[in-house]
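What follows draws every value from the coordinates through simple rules; no lab data is involved. Treat the numbers as computed from the prediction; the structure is a model and nothing was measured. Here Cβ is always computed from backbone atoms with ideal geometry, including for glycine, and neighbour counts include all displayed protein chains.
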Amino acid sequence: MVRQTLDTPTELFHFQLRTALTMENDSLAALEELAKAAKSAEVKKLFRHHLGETKEQVANLRKAFDAVDLKVSTAPSPSTKGISKQAASTLERSAPKLRDQVALSCALGNEHYEIAAYQSLIVPAQTLGLSDVTALLQANLDQEVHTSEELRTTLQKILA
């Protein structure tokens, strides 16, 4: 496998944008699995709702690719693969009564990773003067922050 050396801030930004697309595609798959694993209707509904938002986020990333005249493609995202493996492993070893707690906790960890990824994309997008791309990335970040709060609130509720 040939690896591209990232020499400029723009090359790094493009690579991170491609990684973000992989991240969101991984999230789509993970959310489907978490929705299946969850026991309560409320938690299942939360995951299904975020699945719809994640599809919007993928669409926003595709628009960002178009805005910077970059072919839509992906780059490796070992972190999201690892988060998904950790979730599957924890779900596998957890009693059914803990499924909602485990699913919410794992999703919360993933959301925090996504929040950091979008924050690290927004700063260079602003620096590069890509206001339209910044707006798309900020919309995704806002959804991730909101979802993180929903997950945390729901987790607190089931543990109370």
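Worth a mention:
- Working ranking of peptides 13-23, 82-92 by packing, defined as the average number of other Cβ atoms within 10 Å per residue, highest first, is 13-23, 82-92.
- Between Asp69, Asp100, Asp132, the GNM of the chain built on Cα springs shorter than 10 angstrom shows Asp69 fluctuating the most.
- Test item: Cα-centred dipole of the chain, Lys/Arg +1 and Asp/Glu -1 on Cβ, debye: 720
- Spatially proximal aspartates and glutamates relative to Lys39 (Cα-Cα < 15 Å; intrachain offsets below 8 disregarded): Glu92, Asp100
- Relative contact order computed over the chain (Cα-Cα under 8 Å; 6+ residues apart), in percent: 29
- Under 19 Å from Lys85, Cα to Cα: lysines that are on another chain or at least 8 residues apart: Lys36
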